[in-house]
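Undergrad: Got a structure for you, questions after.
The values are calculated or read from the model by the stated rules, or taken from the named source; none is laboratory data. Please read all numbers here as calculations on a predicted model, not as lab measurements. Here Cβ is always computed from backbone atoms with ideal geometry, including for glycine, and neighbour counts include all displayed protein chains. Side chains are part of the model used for accessible areas, which takes the heavy atoms of the whole protein and leaves out ligands, DNA and RNA. Shrake-Rupley method; radii C 1.70, N 1.55, O 1.52, S 1.80 Å.
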Amino acid sequence: MSKFFHKSIIVTAPSGAGKTSITRYLMHAFPELAFSVSATTREPRANEKNNVDYYFISLDEFKEKIQKKEFIEWEMVYEGKYYGTLKQELERIWAIDKLPVLDIDVQGAIHVQQQYPLTTISIFIQPPSIDELKKRLEGRGSETAKSLQARINKAAYELSFHHYFENVIVNNDFDAACAEAKKIVQQFIDS
Ligand code: 5GP
């Protein structure tokens, strides 16, 4: 049996806090990690690949998977846009003896942590401030004015949940945040 069976690492944060960059750093730092590809109903961005960044599926397919209980967790993260972690995806990763890394929203993270409190660690990445977060999201250039505002509103709300998480990293300085995350993951792998 895989030594990582049933274990997982969650990296969560309000959108724009730098969680994807920190997740990428961790994936490079630890060969035993594998990115858990989520299913989503949102449109792919220009640089995104199906089955690599997400499993891009239709709303009908997503609803069918909910009915068949194929998700560990799922959320309507943004208005009408669904995201979920497939049980099959985690099984796939454990089957190749790797440790899944879930890059998911705060509510999803709380749900997974509640279901698997003993085998999951969560790392909450906190942006330095809402203003900084707004700058980062604007810099990304992938949002319309409306979706940008929706992401900022959601981020402000999500920030209030940081106390649900055992590991909170304030992302003032990217290198320092990565070093902190690396230490947490190393301890979990060694445990
Ligand atoms: P984006 O649209 O920018 O790729 O992702 C939006 C948000 O959805 C991010 O916070 C991301 O972490 C989250 N997300 C991605 N996959 C999942 C998932 O499977 N479940 C949940 N609950 N959130 C997810």
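Undergrad: Got the relative contact order for region 96-191 handy, in percent, Cα pairs under 8 Å and 6 or more residues apart? Display every interim value, and only then the final one.
TA: Values: 56 pairs, mean separation 32.7, N = 96.
Rounded, it is 34 percent for region 96-191.
Undergrad: So what is the relative contact order of region 8-190, in percent, for Cα pairs below 8 Å that sit 6 or more residues apart?
TA: Computed over region 8-190, the figure is 32 percent.
Undergrad: Further question on the same structure: For the chain, max minus min Cα coordinate along each principal axis, in Å, sorted largest first?
TA: Ordered largest first, the chain gives principal extents of 49, 42, 30 Å.
Undergrad: Moving on. Once both labels are modelled 7 Å past Cα along the beta-carbon direction, what's the His28-Tyr157 spacing in nm?
TA: Here the modelled spin labels are 3.4 nm apart.
Undergrad: If you don't mind, there's one more thing I want to ask. Provide the per-residue ³J(HN,Hα) series for region 114-126, in order, calculated from phi with Karplus coefficients 6.51, -1.76, 1.60 and θ = phi - 60°, each as a whole number of Hz, with x at glycine and proline positions.
TA: Taking θ as phi minus 60°, the curve returns 5, 6, 10, x, 8, 10, 10, 10, 10, 10, 9, 9, 9 Hz for region 114-126.
Undergrad: Just to verify a number: FRET efficiency for Gln67 and Gln187, C-beta to C-beta distance, R0 = 41 Å, to 0.05?
TA: Approximately 0.60, to the nearest 0.05.
Undergrad: Oh, and also: In whole Hz, what ³J(HN,Hα) sequence does region 17-31 give by Karplus (6.51, -1.76, 1.60; θ = phi - 60°), x for Gly and Pro?
TA: Result, rounded to whole Hz: 7, x, 5, 5, 5, 5, 4, 4, 4, 5, 4, 6, 6, 10, x.
Undergrad: Roughly what would the spin-label model give for Ser58 and Thr144, points 7 Å off Cα along C-beta, in nm?
TA: About 2.2 nm, to one decimal.
Undergrad: When the accessible area of the chain is split by element with a 1.4 Å probe, what percent falls to carbon and sulfur?
TA: Carbon with sulfur: 51 percent of the solvent-accessible area.
Undergrad: So if R0 is 25 Å, what FRET efficiency would Glu91 and Asn47 give, r being the distance between their Cβ atoms, rounded to the nearest 0.05?
TA: Computed FRET efficiency for Glu91 and Asn47: 0.35.
Undergrad: Then there is this: What does DSSP give for the chain in terms of the percent of beta bridges that are antiparallel, rounded to the nearest 5?
TA: The antiparallel fraction comes to roughly 30 percent.
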